[in-house]
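**Q** Could you have a look at this structure, given as structure tokens, before my questions?
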Amino acid sequence: VPELPEVHTVMGDLKKTIVGAQITGVWIQKEYKKIPDHTELIKKLIKTTVINVERVAKNIVICLDNNSFLLIHLAMTGRIFISNNEDKNVKWQKFVLKLETATDKHYMYFSDVRMFGKVALLDGTSLNLLKNKYGPEPIAEVDINIVWEKISKKKTNIKTVLLDQTIIAGLGNIYATDTLFLAKIHPETLAHKLSRDDFDNIIKAAKLVLNEGIKHRGSTLKDRMYVDGFGNAGSHQDFFQIYDKKICPVCNNPVVYKKINGRGSFFCPNCQKLK
Ligand SMILES: [Zn+2]
């Protein structure tokens, strides 16, 4: 599942490739989830020019010169592939853009095997509504007092709270697992039992883990579900702290694997003592 660093990497690949290009061709699979409907979406996209590419949580947002925003949500299995060549054989493709500048031609292929993702064209108001749905990201300059206010009232475990994108955005299962290990917090600690120091350590660790993930261009696991915008693997899987480990890298004790609220969690019971 692509998390923030993976989506951020793909967003960056798109940004350096398609900004300034005009959309000269659009193809979208009839059955795929999209807003507005098929014909209208194509009509509104064609002949627009890409002025920027951004990311809102795990959504990729392509800003167009007609004040509209093309949102692509990768969800579980969404993948974007950018190529100079027209490829009619890209597997499971749902949405294809042809983009041209005076000198270059690019194709953006969006595939989504399990079809949990979506494509939507938004106006500025809808984009702001979307932005307001998410909590602040630990890698942005945020007022963490607001996050602390919310977290310190939660009576659920901290692992589950960190995955709630309305409280803090950007941590998926892998990066939340490693964040709690670095902060030396047991994932089942109830959020309202954390001290302010614990919380500050969690935010510091989250920043580090996400920035490392971005630096390594994301995590590509054995299923190779995630690759960057040009089809290359990321390398952050070689830098996991505790995720997918059997032995704690700090104290050499066995790592515990446990499902917490349905999500596979790894932790070291020695380094991450339950309070
Ligand atoms: Zn340990």
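The values are calculated or read from the model by the stated rules, or taken from the named source; none is laboratory data. Predicted model, so just to flag it, every value in this text is computed and none were measured. When we count neighbours, we look across all protein chains shown, and the Cβ atoms used for this are built from the backbone with ideal geometry, even at glycine. Surface accessibility is based on the protein's heavy atoms, side chains included, excluding ligands, DNA and RNA. Shrake-Rupley method; radii C 1.70, N 1.55, O 1.52, S 1.80 Å.
**Q** Give me Rg/Rg_expected for the range 39-97, where Rg uses Cα atoms only and Rg_expected = 2.2 N^0.38 Å with N residues. All intermediate terms of the calculation are to be shown ahead of the outcome.
**A** Details: Rg = 12.5 Å, N = 59, 2.2 N^0.38 = 10.4 Å.
Rounded to two decimals, the normalised Rg is 1.21.
**Q** Quick one: accessible area per residue over the chain, 1.4 Å probe, rounded to a whole number of Å²?
**A** 48 Å²
**Q** Moving on to the next point. Tell me which residues come under 5 Å, amide H to amide H, from residue 226 once H is placed; ignore anything under 5 positions away on its chain.
**A** Residues meeting the criterion, in which the H sits 1.01 Å from N, are 221.
**Q** Once you place label points 7 Å from the Cα toward the Cβ at residue 148 and residue 164, how far apart are they in nm?
**A** Placing both labels 7 Å beyond Cα along the Cβ direction yields 1.9 nm.
**Q** Another question, then. Whole-Hz ³J(HN,Hα) for each residue in the range 265-271, computed from phi via Karplus 6.51 cos²θ - 1.76 cosθ + 1.60 with θ = phi - 60°, x for glycine and proline: what do you get?
**A** My calculation for the range 265-271 gives 10, 10, 7, 9, x, 7, 7 Hz in order.
**Q** Distance in nm between label sites at residue 83 and residue 116, each 7 Å beyond Cα in the beta-carbon direction?
**A** The two pseudo-label positions are separated by 2.6 nm.
**Q** Looking at the chain, send over the antiparallel percent of its DSSP beta bridges, to the nearest 5.
**A** Details: 44 of 46 bridges.
Roughly 95 percent of the DSSP beta bridges within the chain come out antiparallel.
**Q** Report in % the part of the accessible area of the chain that belongs to carbon and sulfur, leaving out ligands and nucleic acids; probe 1.4 Å.
**A** On the way: 6850 of 13180 Å².
The computed percentage sits at 52.
**Q** Still on this structure, please answer the following. When ranked by the protection proxy of mean other Cβ atoms within 10 Å per residue, highest first, what sequence do the peptides 44-50, 221-227, 256-262 form? Show your work: numbers first, answer last.
**A** Working: 44-50: 17.3, 221-227: 14.1, 256-262: 12.3.
Top of the packing list down: 44-50, 221-227, 256-262.
**Q** When the Karplus curve 6.51 cos²θ - 1.76 cosθ + 1.60 is applied with θ = phi - 60°, which whole-Hz ³J(HN,Hα) does each residue of the range 240-255 get, with x for Gly and Pro?
**A** These are the phi-based 3J(HN,Hα) values: 4, 7, 10, 4, 6, 9, 9, 10, 5, x, 9, 10, 6, 7, x, 7 Hz.
**Q** Counting pairs of alpha carbon atoms under 8 Å apart in space and at least six apart in sequence, what relative contact order in percent does the range 21-139 give?
**A** Values: 223 pairs, mean separation 36.4, N = 119.
The value is 31 percent.
**Q** Can you compute the FRET efficiency between residue 46 and residue 102 using 1/(1 + (r/R0)^6), with r the Cβ-Cβ distance and R0 = 25 Å? Round to the nearest 0.05.
**A** Details: r = 18 Å, r/R0 = 0.72.
The formula returns an efficiency of 0.85 here.
**Q** Here's another thing I want to ask about it. Quick check on the range 63-133: take the gyration tensor over C-alpha atoms, sort the square-rooted eigenvalues as a ≥ b ≥ c, and tell me if it's rounded (a/c under 1.5), prolate or oblate. Display every interim value, and only then the final one.
**A** Numbers: a/c = 3.33, a/b = 1.25, b/c = 2.67.
In terms of gyration-tensor shape, oblate.
**Q** Let me ask something else. Which ³J(HN,Hα) values in Hz, rounded to whole numbers, follow from the phi angles of the range 15-22 under the Karplus curve 6.51 cos²θ - 1.76 cosθ + 1.60, where θ = phi - 60° and Gly and Pro get x?
**A** Values, residue by residue: 4, 6, 9, 10, 5, x, 8, 9 Hz.
**Q** Return the FRET efficiency for the residue pair residue 225, residue 261: r is the Cβ-Cβ distance, R0 is 25 Å, and the value is rounded to the nearest 0.05. Could you put the intermediate results ahead of the total?
**A** Values: r = 22 Å, r/R0 = 0.88.
About 0.70, to the nearest 0.05.
**Q** What number, rounded to the nearest 500 deg cm²/dmol, is the helix-based mean residue ellipticity at 222 nm of the chain, given -39500 (n - 2.57) per DSSP H run of at least four residues and division by all its residues?
**A** Details: 7 runs with 77 residues, N = 275.
Result for the chain: -8500 deg cm²/dmol, rounded to the nearest 500.
**Q** Sticking with this one: Of the listed pairs 159/193; 155/193; 184/275; 47/131, which have alpha-carbon separations greater than 19 Å here? Write out the running numbers ahead of the final one.
**A** Values: 159/193 13 Å; 155/193 8 Å; 184/275 11 Å; 47/131 27 Å.
Correct reply: 47/131.
**Q** Note down the nm distance, to one decimal, between modelled labels 7 Å out along Cα→Cβ at residue 233 and at residue 197.
**A** The modelled label-to-label distance comes out at 4.1 nm.
**Q** Further, regarding this structure: Can you give the convex hull volume of the alpha carbon atoms of the chain per residue, in Å³? Show your work: numbers first, answer last.
**A** Values: hull volume 35.2 nm³, N = 275.
Given the Cα convex hull of the chain, per-residue volume reads 128 Å³.
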